[in-house]
Amino acid sequence: MTNVLDGIKVLDFGRYIAGPWCGALLGDFGADVVRIDKIGGSEDRHVVPMSDDGSGAMFMQMNRNKRGMTLDPTLPEGREIQQRLIAGADVVIANLPEAARVKLGLDYDTLKSIKPDIILTSATAFGTTGPYATKVGFDLVAQAMSGAMYLSGNEGQPMRSYYPWVDYGTATLAALGTLAAIMHRKATGEGQQVEGSLLGTALTNANATLIEQALVQKNRVASGNRGQLSAPADAYDTTDGQIIVLALGPGMHRRWAKLMGETHWLDDPRFADDDSRAEHGEIISARMREWCAARTTEQALAGLEEARLPAAPVLSPQQALDDPHIQAAGFMQPVDYPGLPGPAPVAGTPVKLSKTPGSIRRRAPQLGEHTDEILGELGYDAAAIAKFREIKAI
């Protein structure tokens, strides 16, 4: 089967998530992605170390389907190698501040002087214009500035999300933008720059709430797990665990009232629509809490499923790995890596295509694993490669 991005060459200078996950998605669909590490290993390689060589859990996910090499582009010899790499590439990924990209020769003007139709995909914390453009930041900063932290947790106690959804969202949008740029180049022969930002991604997720605030000044505050757009919408204790339940719209409200065996929920004007049910959500949550407290998780979920109401158990990471549906659906794929105590459960391509599906074809590379192979493809012989290694250009 031909992969949709066969023949596309990508240089990935990315770090952590916003750049590398973009590269991983392109690699899943067939692009030849080369991960460029610093000499000795880049800082994101060792986050949550898992293997004997110190490579971490995040690195194993972010860098599957990539070949890996080391390079020091601050040396003249390293810059020469980098320029040869760029000359043969279609896409360069670099989620680095603009000043760092200029210093390393990875700014768009420098890249297109080497390869006029190059596509540069970059991601910054705050975007490239405005007073914060030169500031550095991570996922958590964008969560804080978008209102997401303020509206999570409890009132007066903002709470971040443990999982870095802003980073993943930025990388996924960057991959979308890169695909659009590839399509444009095929039609016109022109390259371009694709720019994403953490704050832009977070504000996009927050947009409906921000529109509401701008137009009607709702001034929402955090309400724990209880939703603010309908009810029931909360986390509830069962006799042996906890579940999350959400009812939205009149149909679900009627089915919920039937499940409770009580018709007064349908006649009371306080519960006439989603907005009014949300306004009086604690009353509905109290009834739902009582119903759940008398049942096991299995019993509660069975009753809610029969009523066709969305619900799920609140799972720990281990319980998520053990969940029979997650296992049967094949969301996680076992991937070996040298020095691990067992295969790593790496999430597969998160979007399914019926004709040209993405796949994990190779594990993340060890440090410098493919350096000689890649330099050989650039035309360097063994003696030149040995000299580069001697002077620590690679």
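Structure notes:
Yes or no, residue by residue, for (1) surrounded by fewer than 21 Cβ atoms within 10 Å (Cβ to Cβ); (2) within 14 Å of Pro338 (Cα to Cα):
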{"site": "Gly27", "(1), (2)": "no, no"}
{"site": "Ala31", "(1), (2)": "no, no"}
{"site": "Asp37", "(1), (2)": "no, no"}
{"site": "Ser42", "(1), (2)": "yes, no"}
{"site": "Val47", "(1), (2)": "yes, no"}
{"site": "Ser55", "(1), (2)": "no, yes"}
{"site": "Met62", "(1), (2)": "no, no"}
{"site": "Met69", "(1), (2)": "no, no"}
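- Residue count for region 68-81 satisfying the condition of being in contact with a Pro (Cβ under 6 Å, 6 or more places away or on another chain) and under 15 Å from Gly14 (Cβ atoms): 1.
- Residues located in region 38-59, provided they are outside any loop (DSSP other than H, G, I, E, B), touching a helix residue (DSSP H, G or I) at 6+ places or on another chain (Cβ under 7 Å) and either among the small types (Gly, Ala, Ser) or touching a residue at least 60 places away in the same chain (Cβ under 8 Å) (or both): Arg45, Gly56, Phe59
- Taking each residue of region 165-189 that is hydroxyl-bearing (Ser, Thr, Tyr) and looking for partners that are part of a helix (DSSP H, G or I) and crowded, with 22+ Cβ neighbours inside 10 Å with beta-carbon atoms closer than 8 Å, six or more apart or interchain, yields Tyr168/Trp21; Thr170/Leu198; Thr170/Thr201; Thr172/Trp21; Thr172/Cys22; Thr172/Leu25; Thr178/Cys22; Thr178/Leu26.
- Some residue of region 200-213 being outside any helix (DSSP H, G or I) and without any contact (Cβ under 8 Å) to a residue 40 or more places away in the chain: no
- Failed item in (1) within 30 Å of Ala31 (Cα to Cα); (2) buried (at least 19 other Cβ atoms within 10 Å of the Cβ); (3) of a type in the set (Val, Ile, Thr), with Thr204 passing the rest: (2)
- Test: Gly251 is out of contact with any strand residue (DSSP E or B) (no Cβ under 9 Å at 6 or more places or on another chain) and closer than 30 Å to Ser359 by Cβ: no
- Identification of helices (runs of 4 or more DSSP H) wholly contained in region 68-185 with 1 or more residues that are touching a helix residue (DSSP H, G or I) at 6+ places or on another chain (Cβ under 6 Å) and in the same structural domain as Met58 (by TED's automatic domain parsing) yields 76-87, 108-114, 139-145.
- Asp139 fulfils the conditions (1) out of contact with any strand residue (DSSP E or B) (no Cβ under 7 Å at 6 or more places or on another chain); (2) within 28 Å of Ala386 (Cβ to Cβ); (3) crowded, with 19+ Cβ neighbours inside 10 Å; (4) in contact (Cβ under 8 Å) with a residue 40 or more places away in the chain except for a single criterion, (2).
- Every residue from region 305-334 that is over 19 Å from Tyr163 (Cβ atoms) and touching a Pro at 6+ places or on another chain (Cβ under 6 Å): Pro334
- Scanning region 362-370 turns up no residue that is surrounded by 12 or more Cβ atoms within 10 Å (Cβ to Cβ), among the small types (Gly, Ala, Ser) and out of contact with any Ser or Thr (no Cβ under 8 Å at 6 or more places or on another chain).
- Search result, residues across region 296-355 that are under 30 Å from Asp237 (Cβ atoms) and part of a loop (DSSP other than H, G, I, E, B): Thr296, Ala307, Arg308, Leu309, Pro310, Val314, Leu315, Ser316, Asp323, Phe331
- Arg220 basic (Lys, Arg) and either over 17 Å from Asp275 (Cβ atoms) or without any contact (Cβ under 8 Å) to a residue 24 or more places away in the chain (or both): no
The values are calculated or read from the model by the stated rules, or taken from the named source; none is laboratory data. Everything quoted here is computed from the prediction, not taken from an experiment. As a convention, Cβ positions derive from the backbone with ideal geometry for all residues, glycine included, and neighbour counts pool all protein chains shown.
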